[in-house]
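The values are calculated or read from the model by the stated rules, or taken from the named source; none is laboratory data. All figures in this text were calculated on a predicted structure; none of them were measured in a lab. Methodologically, a virtual Cβ is constructed for each residue, glycine included, from the backbone with ideal geometry; neighbour enumeration extends over all protein chains shown. Calculation scope for accessible area: heavy atoms of the full protein, side chains included, ligands and nucleic acids excluded. Shrake-Rupley method; radii C 1.70, N 1.55, O 1.52, S 1.80 Å.
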Amino acid sequence: MAAAQDKGLKSVVWQRIKAEVLDDCRKADEWKILLLDHFTTKLLTSCCKMTDLLQEGVTVVEDVFKNRQPVQHLKAIYFLSPTEKSIDCLVNDFQNKSSSKYKAAYVYFTDVCPDNLFGKLKSCHSKAIKRCKEINISFFPKESQVFLLNVPDAFRLIYCPDKAEDKELGMETIAQQIVTLCATLDENPGVRYKKDPLDNAEDLANLVEEKLVEYYKMDERDQFKTKTQSQLLILDRGFDPVSTVLHELTYQAMIYDLLPIENDIYKYGTDHSTAKDRDARLDESDDLWAKIRHRHIAAVLEEIPKLVKETSSSKKETEGKLSIGNLSNLMKKMPQFRKQISKQTIHLSLAEDCMKKFEGNIEKLCKVEQDLALGTDVDGQKVKEHMRVLLPVLLNKELDNYDKIRAILLYIFVENGTTQENLDRLIQHAKIESDGDALRNWKHLGVPVVSKSSQRKPARRDRSNEETFQLSRWTPVIKDIIEDSMENKLDSKAWPYCSECPAVWNGSGAVSARQKQNTMSREDKKNVSKLIIFVIGGITYSEIRCAYEVTQANKFIQVLIGSTHIITPKRMLDDIKDLTKPRKETFTMISE
């Protein structure tokens, strides 16, 4: 994406990097080399292009860990995470004046540099380092409203029953990274947490609040003395187990659940058997992806042919059923629209691949899952016997283990737990003995498995008047929470504050979540309050969609949602299953 485009959080991060790093050491008509480690490479890749860096006077970007040729007539910007490996590379570049790789070093750390590592910089020859700053950006802007902390091991650290010491260090690291998000947004939010089902949210919320107080005392700009008009809600993953395993039929969530997408890359073929697969990156640089990613798959399959006809100057070119081959021919006939048609081809291919999976066993599974998740059928009638709904799934030999596990879990969730005898019987009937821990280990997230919990489930918002597809009736719990928060309806006992409540969230300024479509003027944007959601243990694509939906429907609230990582149902089950597997390695704070 071009950094100049307004892509929300990505744009904010890029502007901060420009101001705190590139503008800080700028001189007219002077080119510099930019040195990055793995963390900062990923960070910059997420929010700018090489052309943007060229405009800022950066002539070359290099990996600090690789062997590099000296360029002693140019100054170097070192944008690094404060790790021993990165700092050692910097020190090696400036051990003595005669063999220095560059004319001088301008050093910027993404986070607080520990004293022992900072002391290593004294090994550089005198006057080598012209500037050294900590700029506090140790998170990734994954999307315009989504942030990640890139700590995938955090799930095991926090929920593994025998990792107490590593858990404490992991929580400290996560808290510090959340503070850098707040600093980047120039926000000092009121911090609130959900009490159940475990104590993790309370522990993390208190850590974040302590570090926010410390940060704004230390901040050399001394810009904030009081809380800003934003709020940070912290939740533990067990608050909504259903949304982590349900088959979701909106475009983005369906793609990542059913197709082999790696590092956001989709490989797609053509109609020609001799042609090689092509790669397509799924990110916000693709305007069509940004437009349709949260729509239901049925709407996407209607939308793409319409877009092709709008692009085509002659409707005759697009008559009949669209195919990848037809679109390839259209590109040859209409080279001026090649880029647009190419994007449409990619998404037609993606949607068709999803539908091939769906039209197999997934369609029948979705009906079972919706009935179990909601406890009601498509007519709104209460399901009296959940086991009768589940049984056909257990006996279906065509379903793989993961699909059966997902259905069994939904049964356990709707029943609020089951007996040990019944759990053993379910595992035996489904023939998933080797994957039993993917069911049992949910207890480590505070989710009732064995035995039944008598605790009542929180009431859901009434959505009976909202239009939905029959196989997409479930609404993630996070949407209720976001809308309740905006309308000041969160129960203060279930959602305690660990800091003062900003005025906009104490009832005096709360805005209804049921607003008209967001059409903000530039002046309005200045008055937007931020609601920041952080979920310990991963967020789902359906929850991400909810953040966008509520923001689009509301004029004065922007919802940002984040976690350590994004989870798909398969990844979630693998992580759950691995919780009780022995593992020797320990957690480190190295971001690479």
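Rundown of residues vs (1) more than 21 Å from Phe109 (Cβ to Cβ); (2) surrounded by 23 or more Cβ atoms within 10 Å (Cβ to Cβ); (3) under 22 Å from the mean Cα position of the chain (by Cα), yes/no style:
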| site | (1), (2), (3) |
| --- | --- |
| Glu187 | yes, no, yes |
| Tyr193 | yes, yes, yes |
| Asp196 | yes, no, no |
| Val213 | yes, no, no |
| Met218 | no, no, no |
| Lys227 | yes, no, no |
| Asp236 | yes, yes, yes |
| Thr244 | yes, yes, yes |
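For beta carbons closer than 9 Å, sequence separation of 6+ or different chains, a first residue in region 338-366 that is assigned to a helix (DSSP H, G or I) and a second that is modelled with pLDDT under 85 and of a type in the set (Lys, Arg), the qualifying pairs are Arg338/Lys332; Ile346/Arg278.
Check whether at least one residue in region 300-315 is modelled with pLDDT of 90 or more and in a strand (DSSP E or B), and report yes or no. Among the residues of region 300-315, not one is modelled with pLDDT of 90 or more and in a strand (DSSP E or B), which makes the answer no.
For region 93-101, check the following and say yes or no: at least one residue is open to solvent by less than 30 Å² (accessible area, probe 1.4 Å), among the hydroxyl-bearing types (Ser, Thr, Tyr) and not in a loop (DSSP other than H, G, I, E, B). There is no residue in region 93-101 that is open to solvent by less than 30 Å² (accessible area, probe 1.4 Å), among the hydroxyl-bearing types (Ser, Thr, Tyr) and not in a loop (DSSP other than H, G, I, E, B).
Residues in region 184-198 that are charged (D, E, K, R) and modelled with pLDDT under 95: Asp186, Glu187, Lys195, Asp196. The residue that is least open to solvent (accessible area, probe 1.4 Å), among those in region 246-282 that are modelled with pLDDT under 95, among the small types (Gly, Ala, Ser) and under 16 Å from Ala351 (Cα atoms), is Ala280.
Per the listing Ala19, Ala104, Ala76, Ala28, the residue uniquely surrounded by 22 or more Cβ atoms within 10 Å (Cβ to Cβ) and of a type in the set (Gly, Ala, Ser) is Ala76.
Kindly indicate whether any position in region 35-56 is under 27 Å from Ala175 (Cα atoms), in contact with a helix residue (DSSP H, G or I) (Cβ under 6 Å, 6 or more places away or on another chain) and basic (Lys, Arg). There is no residue in region 35-56 that is under 27 Å from Ala175 (Cα atoms), in contact with a helix residue (DSSP H, G or I) (Cβ under 6 Å, 6 or more places away or on another chain) and basic (Lys, Arg). From the list Val383, Val393, the lone residue that is among the β-branched types (Val, Ile, Thr), modelled with pLDDT of 90 or more and touching a strand residue (DSSP E or B) at 6+ places or on another chain (Cβ under 9 Å) is Val383. Summed over region 401-422, residues that are farther than 16 Å from Val245 by Cβ and part of a helix (DSSP H, G or I) total 3.
Being among the acidic types (Asp, Glu) and either under 33 Å from the mean Cα position of the chain (by Cα) or under 22 Å from Leu573 (Cα atoms) (or both) is the filter here; which residues of region 377-405 pass it? Listed by number, the residues that qualify are Asp377, Glu398, Asp400, Asp403. Exactly one residue among Ile576, Ile544 is among the aliphatic types (A, V, I, L, M) and either out of contact with any Phe, Trp or Tyr (no Cβ under 9 Å at 6 or more places or on another chain) or modelled with pLDDT under 95 (or both), and that residue is Ile544. The number of residues in region 110-143 being hydroxyl-bearing (Ser, Thr, Tyr) and in contact with a Lys or Arg (Cβ under 9 Å, 6 or more places away or on another chain) comes to 1. Of everything in region 473-490 that is farther than 30 Å from Pro161 by Cα and part of a loop (DSSP other than H, G, I, E, B), the residue that is most open to solvent (accessible area, probe 1.4 Å) is Lys489. State whether one or more residues within region 406-413 are modelled with pLDDT under 95 and charged (D, E, K, R). Checking region 406-413: not a single residue is modelled with pLDDT under 95 and charged (D, E, K, R).
When region 450-472 is limited to residues that are assigned to a loop (DSSP other than H, G, I, E, B) and touching a strand residue (DSSP E or B) at 6+ places or on another chain (Cβ under 7 Å), the one that is nearest to Asn416 (Cα to Cα) turns out to be Lys452.
Kindly check whether there is at least one residue in region 167-180 that is at pLDDT 90 or above, under 16 Å from the mean Cα position of the chain (by Cα) and of a type in the set (A, V, I, L, M). Within region 167-180, one or more residues are at pLDDT 90 or above, under 16 Å from the mean Cα position of the chain (by Cα) and of a type in the set (A, V, I, L, M). For region 439-472, what are the residues that are in contact with a helix residue (DSSP H, G or I) (Cβ under 8 Å, 6 or more places away or on another chain), basic (Lys, Arg) and either over 15 Å from Met572 (Cβ atoms) or loosely packed, with under 11 Cβ neighbours inside 10 Å (or both)? Result: Lys452, Arg460, Arg461. Output yes when any residue across region 34-52 is in contact (Cβ under 8 Å) with a residue 60 or more places away in the chain, out of contact with any His (no Cβ under 8 Å at 6 or more places or on another chain) and among the basic types (Lys, Arg), and no when none is. Looking for residues that are in contact (Cβ under 8 Å) with a residue 60 or more places away in the chain, out of contact with any His (no Cβ under 8 Å at 6 or more places or on another chain) and among the basic types (Lys, Arg), one finds at least one in region 34-52, hence yes. Applying a threshold of 7 Å to beta carbon distances and a minimum spacing of six or more residues, or different chains, the list of pairs starting in region 171-183 at a residue that is closer than 19 Å to Ile17 by Cβ and ending at one that is among the basic types (Lys, Arg) reads Gln176/Lys211; Val179/Lys211. Listed conditions (1) touching a strand residue (DSSP E or B) at 6+ places or on another chain (Cβ under 8 Å); (2) open to solvent by 30 Å² or more (accessible area, probe 1.4 Å) are all met by Ile135, apart from (2).
For beta carbons closer than 6 Å, sequence separation of 6+ or different chains, a first residue in region 103-120 that is under 21 Å from Thr173 (Cα atoms) and a second that is at pLDDT 95 or above and aromatic (Phe, Trp, Tyr), the qualifying pairs are Tyr108/Phe79. Each residue in region 380-428 was checked for being of a type in the set (A, V, I, L, M, F, W, C) and open to solvent by 80 Å² or more (accessible area, probe 1.4 Å), and 1 pass. A single member of Glu84, Glu56 is among the acidic types (Asp, Glu) and either open to solvent by less than 60 Å² (accessible area, probe 1.4 Å) or at positive phi (or both), and it is Glu56.
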